[in-house]
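Novice: Dropping a structure here in structure tokens format, bear with me for questions.
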Amino acid sequence: MAPVGGRALTAGSRGSRGVPAIATLLALLCLVAGSPAGAADACEALPFADEAAAGRLEAIPAGIGGELAEGGVVGRLILEREQVFDLSDPAQDNALFRLANGLHVLTREQTIREQLPFLLEGEDFVPLELVEAERVLRSVDWLYDARVVPVRRCGDVVDLAVVTRDVWTILPTVSFDRSGGESSWSLGIEDENLLGRGETLGFLFTEDVDRSGYGAYFFDPAVAGSAWRLNLDAADNDDGHRFNVHLRHPFRSLDERSSMGLRLTVDERIQPLFDAGDRVVEFRQETHSGEFQLAGSTGRENGNIRRWNAGLAWWDYSFARAPGPLQPTELPDDRSAAYPFVGFETIEDDFVPIANLALIGRPQDVHLGQRLAGRIGFSPDALGADDGRLIFEGSWRDAIRPRESIILSGAVSVNGAVTTSDGEAENVFATIGTELHYLQTDSWRFYAALDGTWTEGLTDDIQLQLGGDLGLRGYPQRYQQGDRRVRARVEERWYASGEPLRLFRWGVAAFLDAGRAWFPDDPDDEEDGWLANAGIGLRLMPTRLPTSGMIHIDLAAPLRTGGRDVDGLQISVTLRSSF
């Protein structure tokens, strides 16, 4: 193969196995079949070919592949897989980082290919698929980031480079979370990229404000190399146990045409209820549920995706008294349902990668398109349910970018049931919200969010809450309860540009939270009125560990301190998925 930009691209990463002989032969046949006589002389290197060959991921703009591509046929899919640390960088070339690279199992080529079933040698592609491929790879925790770009064109045949960088995935899991005056912690060990196969295996002990116990979990994104994914998790806690299995063939791309899945869950626990952050009631709750679903899609048509689904679902909630002094006056009523359902989903394919939003120094794929989804089912009492029910859920979300510096989004969701015996609502939740991002500079961002939730017919085991980890960082957890809730948050955010020790990125936020949860007939007293707090927080995002978490260290002062157990300051340390 002729060198590209002065350096030959090789199939596979440096130091890794090359493409198998049969794949190489097929790629050559594609080149011959897709190119006219003399096309070899007409082959041209494309922009960023050198950067891709060198594995310089961050030197390639996110999403640029969609702008450079003009369609055609996939020639070779060239995988450039980078280790955790770049030893060509003098700042990273030290004994510790060399040891880390030596012990780390690099993600396998097959694992990367399994994430991209829509990019196959010899198949047609559209520019949007390159942008989607990046988005898919960025969504997995065992990669720090990814780029997919065309690097060589010979007529209609285009070689694509997939550049990825691994993170260190075998690590003890030590988690400490303190918010609203309560502490939770866990200790365990996990590998989120087991033997470079993209599988997750973990064991842990956890203790939080509700329960403590041991757990294990496993995830396989491609069972036996297939399109099927498997989630398993189990826990043995001091108040019960939990088991969940979810086997599914998901939509792995926006253009995929079918999906199916099966889920089963068993959960037994002591369920508490709260008032002003204090436990006031405890009872035993057993939940059994399951679902089987089939779905079809028209694929991507003029930038829109339409999907339909149907299936069977069932759930059963039963309640009993728990030992201890916090006895309820009456137990919640047992309830069960078994029902067929049908649903739909529409997605507008409009995603834009933007850095310094939810993540620090890394692109986040912002959906500027519209998404609409709904589902409805009917559970007759003839199938053993305690009552007939019409069960429904629906959601709508859209976002616009009226100016380059402004992103405005809105969302509405509703779910619940109506019983047929009396026509009454049961556990109906309706939420409406909006978010604003104002991109002042590359380092400074203003963020604001407002949402409101209305409920009807809440059963005695369910509470709508507000507190430390639910929107008011200056107050105890679960401080307010009600059947209405309003929350508001504004933040001025600063994203630092450096990467201290080549291990993490960081930022700072100054914030103001306000809100209220209430029952309409309750008086506006010190605990049930409007609450607000102000504070400042530090954000730490590891760059060499799995990308699913960001450490938040917040110091918040309540602006209204008349209620019970409200301190002058609340210090919280939490693990969140975004800034």
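The values are calculated or read from the model by the stated rules, or taken from the named source; none is laboratory data. Here the structure is a predicted model, which means the values were calculated and not measured. Here the Cβ positions follow ideal geometry from the backbone for every residue, glycine too, while neighbour counts run over all protein chains shown. Surface areas here come from the heavy atoms of the whole protein model, side chains and all, with no ligands, DNA or RNA. Shrake-Rupley method; radii C 1.70, N 1.55, O 1.52, S 1.80 Å.
Novice: At 1.4 Å probe radius, can you tell me the per residue accessible area of the stretch 469-579 in Å²?
Specialist: For the stretch 469-579, the per-residue accessible area is 43 Å².
Novice: Let me ask another. Place the peptides 128-135, 385-392, 285-292 in order of packing, highest mean first, counting for every residue the other Cβ atoms within 10 Å and averaging per peptide.
Specialist: Packing order, densest peptide first, comes out as 128-135, 385-392, 285-292.
Novice: Got a number for carbon plus sulfur as a percent of the stretch 458-579's accessible area, 1.4 Å probe?
Specialist: With neighbouring chains kept in place, the figure for the stretch 458-579 is 58 percent.
Novice: To continue, here is another question. Whenever you get a sec, line up T420, T164, T298 from highest to lowest accessible area (probe 1.4 Å, protein heavy atoms).
Specialist: T420, T298, T164
Novice: In the chain, which whole DSSP H runs stretch at least 15 Å along their own axis (Cα) and average 1.0 or higher on the Kyte-Doolittle scale?
Specialist: Span-like helices in the chain: 21-33.
Novice: When a/c reaches 1.5 or more, the comparison of a/b and b/c decides; with that in mind, is the stretch 176-285 rounded, prolate or oblate per its Cα gyration tensor?
Specialist: Verdict is prolate for the stretch 176-285.
Novice: How large a share of the accessible area of the stretch 65-127, in percent, is made up of carbon and sulfur atoms when the probe is 1.4 Å and the other protein chains stay in place?
Specialist: 53
Novice: Determine the shape class of the chain: with a ≥ b ≥ c the square roots of the Cα gyration tensor eigenvalues, call it rounded for a/c under 1.5, and otherwise prolate if a/b is greater than b/c, oblate otherwise.
Specialist: Judged from the Cα gyration tensor, the chain comes out prolate (a/c at least 1.5, a/b above b/c).
Novice: Another one. At 1.4 Å probe radius, can you tell me the per residue accessible area of the stretch 357-465 in Å²?
Specialist: On a per-residue basis, 48 Å².
Novice: A further question on this structure: By how many nm would the segment from L372 to A557 lengthen if fully extended, with 0.36 nm per residue of separation less the alpha-carbon distance?
Specialist: The L372-A557 span can extend by a further 62.7 nm.
Novice: Multiply the residue separation of E491 and D350 by 0.36 nm, subtract the distance between their alpha-carbon atoms, and state the gained length in nm to one decimal.
Specialist: The span from E491 to D350 would gain 48.1 nm if fully extended.
Novice: Then there's this: May I ask you to give the percent of accessible area on the stretch 304-361 that is carbon plus sulfur, with a probe radius of 1.4 Å?
Specialist: 57
Novice: With the cut-off at 1.5 for a/c, could you classify the stretch 427-481 from its C-alpha gyration tensor as rounded, prolate or oblate?
Specialist: Oblate, since a/c reaches 1.5 and b/c is not below a/b.
Novice: Okay, next question. With a Förster radius of 45 Å, plug the Cβ-Cβ distance of V266 and A54 into 1/(1 + (r/R0)^6) and report the FRET value to the nearest 0.05.
Specialist: The calculated FRET efficiency here is 0.30.
Novice: Mind checking the per residue accessible area of the stretch 171-323 for me, 1.4 Å probe, whole number of Å²?
Specialist: So the stretch 171-323 comes to 48 Å² accessible per residue, rounded to a whole number.
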